[in-house]
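Quick notes on the structure that follows.
The values are calculated or read from the model by the stated rules, or taken from the named source; none is laboratory data. Since the model is a prediction, treat every value here as computed from it, not as a measurement. Cβ sites come from the backbone with ideal geometry, for glycine too, and all protein chains shown count toward neighbours.
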Amino acid sequence: MPPSSHPYPETRSPAARSPAAKPPAAFGSNEIRLSPRQWLIAAAIVAVVFAALPAAWERIESFEPGPDYRIPYRLGEDYWLYRRYCRRVCPEERTLVVGDSVVWGHYVSSHETLSHYLNELAGGERFANLGLDGIHPAALAGLLEDYARDLSGKRVLLVCNPLWMSSPTHDLQSDKSFSFNHPRLVPQFFPRIPCYKEPLANRLGIVVERHVPLFAWVGHLRNAYFDNSDFAAWLLEHPGENPAAAVTLELPSPDEPPSPPPDARPWTVKGLKPFNPPWVELETSLQWRSFCRGIEILRGRGNRVFVLVGPFNEPMLDPRSLDTYRRRKAEIGAWLARHEVPHYVPAPLASELYADASHPLAEGYAEIAGQLWAEESFAAFCRKD
Amino acid sequence: MYFQTWTFALFFLLFWPVYLLVKGTRLRIPWLLAASYVFYASLNPLYPILLLYATTVDYVAVTGMAKTRAKTPWLLLSLVSSLGLLGLFKYSRLVVETLNALLGQCGLSYAIPVPGMILPVGLSFFLFQSLTYTIGHYRGEVEREPNFLRYAAFVAFFPTLLMGPIERARNLLSQLRQPPAVTWHDGAEGLSLFVVGLFKKLLLADFLALYVDKVYAAPGHFGSPALLMATFAFAWQVYFDFSGYTDMARGVARAMGIRLMLNFNNPYLATGLGDFWRRWHISLSTWFRDYLYIPLGGNRRGTLSTYRNMFFTMVISGLWHGATWNFALWGAIHGLGRVFTRKLEETAFYRDRVPGFVKRLYVFLFVSFAWIFFRAESFGDAWQIVARIAAWAWTDPGFPIVLLALVAAVWLYEAVFECRLRAILQPAPVRIGFAVVLVVCIALFARSGVQPFIYSQF
């Protein structure tokens, strides 16, 4: 391309006229060549598009969470939807139940969860299920920090599942790399997570994604409509299809079962054996530190926090491990008391009310809800304005 | 780190402001050099040792040349060192495997142990760039560089280090000698180049790669249409992949006030094979023209000699790309193509009577055919692909229609750029519109994860 034929010929640059003039070089083989002012205009348009697309999408895609709504299992990594759900429940006078699959209700339907039974006892829509399947404390802290800002000032019932501190692997302290849930929510740099070996480029990408809503929204589209794969991979799998037609604007039901479907029978019937987890020390536990950070984040935003410690299926523990677990539980309670965090440690349920080590079945949830509802400190927590 | 990664974004955000601050001071070259070595070490901490070795040898060679009238031994030192490194890291495996095959043919059971060395990324590029200094000085075209750090910065210049363009010492080194006057226009134009390159890599090359990789991984499982589509798709993939990298490299350099040569000029709009090689990987084509074809005699010693030189240069160029006989064959196909079409392309009939689209189609088909040998995992696979395409039988290729439309749109854009309608691409709103669309598309549709560049393996 002869430089002179271009609207921005080389000679326009002051540098080109200076004594240290640069040798002529063709600019490129296309016309996409913008001046600084034009880039400013383009950047402004891009910024508007980035901000407007996710916002406009909320008007296009219907989202009417009912009283027992929970994030559908298939969209468990759709943090944009989680943020949207937070925004939706935020104006309501509801206590938000936050935690892992124990809150979400891994073995039960959305009408058999802790928040559902609490609503029954309260006689109205006073609790919302903001649990996410598989979210361990290290990820939960990230979720609260980056995607749950809209919950500021609300009452939060936070469920602490001690299972995450039952072994160095659960505690993410193993040096050996392994894949764990919700890696995009854990701290990417500090504190260091020994088993998390993601390359630097990907970690930086995750940090950027947390701060640019458009990227989280793209993740939502992939999760909800493109089989959780990226656009190119989906195109390859569906070569003749129109990708726009795949965007049905219908989100999965919160009762869509996890994959593979869980066996919702008591653990004793399923033939599970008692186990002997080694448990990590509370003061060295990464998950516990993360849980504390989660409380700190919430309180820093003016949330009123109540912690439910457990439930945990104690009869499933080997007697050698049971003592250690009880010590940990007592330490957790002591820490919460020391930091003036209202909390409740439910009395052990009958073992047959559990599907595994920490997940109650429907009846178990009803019983825990009953215990909690009868607890004076919880009643006080719910009464407060 | 590669340009399309967030790591590079962070690296450049740290590097660039400091560079702008020190560009008029004595710290400019040390800062650029340190950044380039960090950039290279991010791929493998041992790579900079090789880079430093190659830099030192060539610097010493030219210093030696400058101090004596017998320059040839010093040039030989540089050539032996550079080509020796290439031979060791790139070709030793091919040589040993070929020897072992020959020994096997002769009935000998002895096999030489196959070296397991990994080819350092960018080796072929920075060695060739450094050779432009030693050969250039030997020929009297390039002045000796008295400052070792500046010369080291020329060899290690991070925008060109991994995959070129293979710059000439007389262009890049001379720019490094003067403090650059970086203007807002340089920044804006650098960004323009970078965004186009990023789009080519992330949206086009990486998308096409999915299809190509699937089909070429098991060609026996696909019918003629899929193999044909995968071959065409690879033709575009390799172009978008490499020219995308080059655009980004040129953009980064431009933002630093350095102008690098154009490396790709819409090669699939070429109207002849000679034209194709004037548009494809221009920095390498001209390198081989200047440092191999012309020294061999070029076209000065009669027709037969010209054809021989042309063919030989293309075969060597093929081998430069990769140390397998597939690449040699790819080069040989292009060499033969040039030999057989050179005269034809010079005729008035071809120039004036054959419609442009026919010429472009023939070039594209020929080049795509040659890409089969470039892309196939082995000789056997390549022949199988050719045979299966030739034995035409219709089966659904399963090629995404959206992708087809995307490639067609780019081709159309390039065609408009090179014809009388070009003026419609020039108004500011059109250019701004394109820039916005590129950025938004990258944000929405780019594949997750970092896909390597094809040419990083060369």
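Which is more than 9 Å from chain A (Cβ to nearest Cβ) and either assigned to a helix (DSSP H, G or I) or without any contact (Cβ under 8 Å) to a residue 24 or more places away in the chain (or both), of B:Trp411, B:Trp394?
After ruling out the rest, the residue left standing is B:Trp411.
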Output the number of residues of the range A:117-156 satisfying the condition of being among the aliphatic types (A, V, I, L, M), within 22 Å of A:Pro213 (Cα to Cα) and outside any helix (DSSP H, G or I). 4
Can you confirm whether A:Tyr82 is within 25 Å of A:Glu58 (Cα to Cα), surrounded by fewer than 24 Cβ atoms within 10 Å (Cβ to Cβ) and among the aromatic types (Phe, Trp, Tyr)? yes
Does any residue in the range A:147-159 that is over 15 Å from A:Arg88 (Cα atoms) come within less than 7 Å, Cβ to Cβ, of a residue that is at pLDDT below 90 and assigned to a helix (DSSP H, G or I) six or more places away or on a different chain, and which pairs are these? none
Any residue in the range B:138-153 that is touching a Pro at 6+ places or on another chain (Cβ under 8 Å), touching a residue at least 24 places away in the same chain (Cβ under 8 Å) and hydroxyl-bearing (Ser, Thr, Tyr)? no
Given the structure, is B:Phe453 facing chain A (nearest Cβ under 8 Å) and closer than 24 Å to B:Phe373 by Cβ? no
Might you check whether a residue that is over 22 Å from B:Pro30 (Cα atoms), more than 7 Å from chain A (Cβ to nearest Cβ) and either over 18 Å from the mean Cα position of the chain (by Cα) or not polar (S, T, N, Q) (or both) occurs anywhere in the range B:150-164? yes
Only one residue in B:Leu210, B:Leu202, B:Leu131 is part of a helix (DSSP H, G or I), under 26 Å from B:Gly251 (Cα atoms) and within 14 Å of chain A (Cβ to nearest Cβ). Which one? B:Leu202
From the list B:Pro179, B:Pro219, pick out the single residue that is away from every other protein chain (no Cβ under 12 Å) and modelled with pLDDT under 95. B:Pro219
Residue satisfying condition, being touching a residue at least 40 places away in the same chain (Cβ under 8 Å), in the same structural domain as B:Leu284 (by TED's automatic domain parsing) and out of contact with any Lys or Arg (no Cβ under 9 Å at 6 or more places or on another chain), within set B:Val363, B:Val354, B:Val358: B:Val363
With (1) in a helix (DSSP H, G or I); (2) over 19 Å from A:Thr95 (Cβ atoms) as the list, and A:Thr169 as the residue in question, which single condition is left unmet? (1)
If the Cβ limit is 9 Å and pairs must be 6+ apart or interchain, which residue in the range B:87-107 that is among the hydroxyl-bearing types (Ser, Thr, Tyr) pairs with which residue that is in a helix (DSSP H, G or I)? B:Tyr91/B:Leu319; B:Thr98/B:Trp325
Which of the following residues is aromatic (Phe, Trp, Tyr) and closer than 27 Å to B:Leu127 by Cβ: B:Tyr239, B:Tyr216, B:Tyr211? B:Tyr239
List the number of the failed condition for A:Arg326; all other conditions in (1) in a helix (DSSP H, G or I); (2) at pLDDT 95 or above hold. (2)
Quick one: in the range A:27-79, which of the residues that are of a type in the set (Gly, Ala, Ser) and loosely packed, with under 14 Cβ neighbours inside 10 Å is farthest from the other protein chains (Cβ to nearest Cβ)? A:Gly66
Would you check if A:Ala224 is surrounded by fewer than 20 Cβ atoms within 10 Å (Cβ to Cβ) and part of a helix (DSSP H, G or I)? no
Just the residues that are at pLDDT 90 or above and under 30 Å from B:Phe199 (Cβ atoms), please, taken from the range B:378-403. B:Ile385
If we keep only residues of the range B:35-55 that are among the β-branched types (Val, Ile, Thr) and in contact with a helix residue (DSSP H, G or I) (Cβ under 8 Å, 6 or more places away or on another chain), then the residue surrounded by the most Cβ atoms within 10 Å (Cβ to Cβ) is B:Thr55
Can you list residue pairs whose Cβ atoms sit under 6 Å apart, with the first residue in the range B:4-19 being under 17 Å from B:Ala249 (Cβ atoms) and the second being among the charged types (D, E, K, R) and part of a helix (DSSP H, G or I)? Count only pairs 6 or more apart in sequence or on different chains. B:Gln4/B:Lys201
Matching residues in the range A:356-385 (in a helix (DSSP H, G or I) and of a type in the set (Lys, Arg)) number 1
Would you check if A:Ala264 is assigned to a helix (DSSP H, G or I) and away from chain B (no Cβ under 14 Å)? no
